[in-house]
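K.L.:
Mind having a look at this structure? Questions to follow.
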Amino acid sequence: MHRFDLNEITPRPWKNGGGSTREIACWPQGADMDSFGWRVSIATVAQAGPFSAFPGIDRQIMLLDGDGVQLIGAAAGIHHTLQQQWQPYAFSGDAALECSMLGGSCTDFNVMTRRGQWSAEVLIQGTEVQPGHSTAGLCMVLQGSFLHGDALLHTGQGLLWRDMGDEQTRNTAPLLPHDADSRLVLVSLTQAAR
């Protein structure tokens with residue numbers, strides 16, 4: 001179980017200059033874009049342009065802040081307005097998408113899993129959460145704060161876990177909302193049976 005803070009993750013600019021990405025975690029650690037099993041990141045979208053296609057990858061995207069974007073993939077039948085905060089949208093990474101801005105820049109939460117190897121569930125929670133309940137995963141505070149043992153996690157801070165066993169999970173403190181409007185995103189990653 002590891003803590004992370006978005007403020008400590010350096011953004012990497014996109015090659016096309018349209019934004020930047022902060023990678024929270026990927027598996028295996030250090031894997032590149034062609035070899036990861038799963039990847040969780042935060043992207044800042046600053047201008048319209050193409051979304052890179054990722055064949056064999058299932059994607060989920062969620063608006064964190066800003067005006068949002070329109071995602072259009074005519075061949076894949078995708079025409080989605082990503083405008084409502086904290087509403088995950090799942091789509092195939094095989095699709096080549098065009099992204100148009102609905103206003104100024106925006107920040108998105110992204111989860112990518114390699115199809116047939118991993119799957120992800122993305123939920124917004126405002127109640128007690130037990131970290132470590134899935135093979136791998138993470139939770140990140142979106143609003144307010146959550147108490148984890150003696151530590152208080154604030155917006156942009158969270159917990160990451162990999163290869164958790166039942167005994168480890170039982171010994172892990174739950175995350176408790178500290179404020180009435182506290183919210184976090186919980187990503188549960190499950191490895192496919194072999």
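The values are calculated or read from the model by the stated rules, or taken from the named source; none is laboratory data. Model, not experiment: these values are computed from the prediction. Cβ placement follows ideal geometry from the backbone for every residue including glycine, while neighbour counts extend to all protein chains displayed.
K.L.:
In the range 85-95, which residues are out of contact with any Gly (no Cβ under 6 Å at 6 or more places or on another chain) and under 25 Å from Gly37 (Cβ atoms)?
P.N.:
Pro88, Tyr89, Ala90, Phe91, Ser92, Gly93, Asp94
K.L.:
Here's another thing I want to ask about it. Does the range 8-32 hold any residues that are more than 22 Å from Trp118 (Cα to Cα) and surrounded by fewer than 11 Cβ atoms within 10 Å (Cβ to Cβ), and which are they?
P.N.:
Glu8, Thr10, Lys15, Asn16, Gly17
K.L.:
Restricting to the range 114-164, and then to whatever is of a type in the set (Val, Ile, Thr) and either in the same structural domain as Ile61 (by TED's automatic domain parsing) or out of contact with any Asp or Glu (no Cβ under 8 Å at 6 or more places or on another chain) (or both), can you tell me which residue is farthest from Ile57 (Cα to Cα)?
P.N.:
Filtering the range 114-164 for residues that are of a type in the set (Val, Ile, Thr) and either in the same structural domain as Ile61 (by TED's automatic domain parsing) or out of contact with any Asp or Glu (no Cβ under 8 Å at 6 or more places or on another chain) (or both), the one farthest from Ile57 (Cα to Cα) comes out as Thr127.
K.L.:
In the range 169-194, how many are within 18 Å of Leu147 (Cα to Cα), assigned to a strand (DSSP E or B) and at pLDDT below 95?
P.N.:
Counting residues in the range 169-194 that are within 18 Å of Leu147 (Cα to Cα), assigned to a strand (DSSP E or B) and at pLDDT below 95 gives 0.
K.L.:
Out of the range 59-87, which residues are in contact with a Phe, Trp or Tyr (Cβ under 8 Å, 6 or more places away or on another chain) and not small (Gly, Ala, Ser)?
P.N.:
Across the range 59-87, the qualifying residues are Arg59, Gln60, Ile61, Met62, Leu63, Leu64, Leu71, Ile78, His80, Leu82.
K.L.:
Select from the range 144-160 the residues that are assigned to a strand (DSSP E or B) and either more than 15 Å from the chain's Cα centre (by Cα) or modelled with pLDDT under 95 (or both) and list them in ascending order.
P.N.:
Ser145, Phe146, Leu147, His148, Ala151, Leu152, Leu153, His154
K.L.:
Pull up the range 117-141, narrow it to residues that are outside any strand (DSSP E or B) and modelled with pLDDT of 95 or more, then point me to the one that is farthest from Ala180 (Cα to Cα).
P.N.:
Of everything passing the filter in the range 117-141, Gln117 is farthest from Ala180 (Cα to Cα).
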